C-alpha cells in the first residue's frame, strides 16, 4: 500500500513538473510573440481598464494569441502593477514582452498644447476647444461656469492662467489642463511677489498681475519690459493717467478692427486708461514670468512716455516735448512695414484667433482697490504709446 502511494506521489510530481514546464514554455512563447501589426498603431487604454480586459481585446482584434497565458503571467508576476490609462505606441517587430515593459514603465503617448503670452481667455478656450486629443467638457459653458468647474467660482478668468506648453495624455479633460495652468500662474505669481521691490505701488498680487498684462501687451522685447513697467509705475505715483492703447483695445473687444481712433480713446468703458485713473479693473491678457517680474521690479529712471519705433521696440522720453518729437518721427511718418509690437507669428506658427473682450457686464468685473487719483486728461498730451 505504501509503495503504491509513493508511486502515485512520484507520478503526480512528474506530471506537475511537466505541467509547470509546459506552462512556463507557453508563457515564454506568449511573451516572445511579435505583435501582429505591419505599421505603427496606438493602443488606447481607457481609465479603469484592467490588464485582463486589455489582453482579451488584443486577442479579439487579432494582434496577439495566447492571451490566457499572458493573463497568468500578469497575475503571478505583476499583480500589484497598475495599468496606467492613456495611449501606448505599438510598432512592427515589438514583442508582447516589449509591450508589457512599456505598460510597466507607464510610457503613454503624450500630446501638447501651447497657451501663448498675450492671449485673452477667449483665445485660450478656442485653443483648447480645437484640440481633438483633449476631452471636451466646457464647450457650452460660460466663462463664469468654466471657473466654477475648475474650482474657482467667482474669479474673473482673464489673466489667471499661465502661458506655457502643457503636455497631456489622451483622455485628459480641458478642465484638468485649465486647473494646471491656473495653479501654475498662482505659484509663479506668489514666488515673484515674495521677491518684489520694496517700493512698488501695489497692495496685493492681483494688482501686479494687472500691471504685468499691460507690460505683456505693450512689448515683446525682453529688455524693454522693465522700462515699460517703470514708466507705468512712475505715472501712477505722479497721478498721471496710464494712457495705454492695449487696454482700450481690450475694452472694445470684437469692435476693434485694427485701427484705434480718437473716438475710441474718448469712449467710456472700465478699461479705457485714457479716462480712468490707475490700473484697469482686471488683467487684459495672459502673462509670462518675465512680465510679472518686470511689474514687480520696474526699472528705475525718469521716463514718463514711450512711443513705438515701428520695429517692435520703443523710444522712451522723460518729458512731453521729447515725446512729441518722437511721435512726429515714428508715428506721423509711418513706414509701410510699421508695427507697434513684434512681428506676428506666421500662419504655420500660430493660427489667427479673433480678439475678444470679457463676456461679463461691466458691473460684474472685479474692482481693483483704490489708487492715487489722477488729474483730468490733458487734451494736448498725446498717447503714451500707439
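Only the coordinates and a few stated rules stand behind these numbers; no lab work does. Note that the structure is a prediction, hence the values are computed from the model and not measured. Neighbour counts run over all protein chains shown; Cβ positions are idealised from the backbone, glycine included.
With the crude spin-label approximation of a point 7 Å out along Cα→Cβ, what separation in nm comes out for residue 152 versus residue 268?
Rounded to a tenth, the inter-label distance reads 3.2 nm.
Based on the mean of other beta carbon atoms within 10 Å per residue, what is the order of 95-105, 238-248, most packed first?
Ranked from most to least packed, the peptides come out as 238-248, 95-105.
How would you rank 150-157, 275-282, highest first, on the average number of other Cβ atoms within 10 Å across their residues? Please list the in-between numbers first.
Details: 150-157: 15.8, 275-282: 21.0.
Highest to lowest by the protection proxy: 275-282, 150-157.
Regarding the range 121-364, what's the average projected area of the Cα-atom convex hull, expressed in nm²? Please report the intermediate quantities before stating the final value.
Values: hull surface 55.8 nm².
Taking the Cα atoms of the range 121-364, their convex hull projects to 14.0 nm² on average.
Rounded to a whole number of µm²/s, how large is the Stokes-Einstein D of the range 27-105 at 10 °C and 1.306 mPa s, given Rh as the Kirkwood radius over C-alpha pairs?
Calculated translational D: 127 µm²/s.
When only C-alpha pairs under 8 Å and at least 6 residues apart count, what is the relative contact order of the range 121-364, in percent?
22 percent
Just the ratio, please: alpha-carbon radius of gyration of the range 170-222 over 2.2 N^0.38 Å, N its number of residues.
1.43
How would 28, 314, 323 line up from fewest to most surrounding beta-carbon atoms within 10 angstrom?
28, 323, 314
The range 100-250: D in µm²/s via Stokes-Einstein (Kirkwood Rh, Cα pairs, 25 °C, 0.890 mPa s)? Working shown, then result.
Numbers: Rh = 17.5 Å.
My calculation gives 140 µm²/s for D.
Using a simple spin-label model with points 7 Å from Cα along the Cα→Cβ vector, what separation in nm is obtained for residue 104 and residue 309?
6.0 nm
Evaluate the relative contact order of the range 27-105 (contact order divided by residue number), counting alpha-carbon pairs under 8 angstrom at least 6 apart; express in whole percent.
Taking the mean separation of contacting Cα pairs over the length of the range 27-105, I get 51 percent.
Using alpha carbons only, what's the Rg to Rh ratio of the range 194-326 with Rh from Kirkwood?
0.94
How many nm is it between the label spots at residue 204 and residue 28, if each spot is 7 Å from the Cα in line with the beta carbon?
Reported label-point gap for residue 204 and residue 28 is 7.0 nm.
Any idea what the relative contact order of the range 82-153 is, in percent, if you count C-alpha pairs under 8 Å spaced at least 6 apart?
Values: 34 pairs, mean separation 16.1, N = 72.
Once divided by the residue count of the range 82-153, the mean separation gives 22 percent.
Highest mean first, how do 324-331, 132-139, 214-221, 301-308 rank when packing is the count of other Cβ atoms within 10 Å averaged over residues?
214-221, 301-308, 324-331, 132-139
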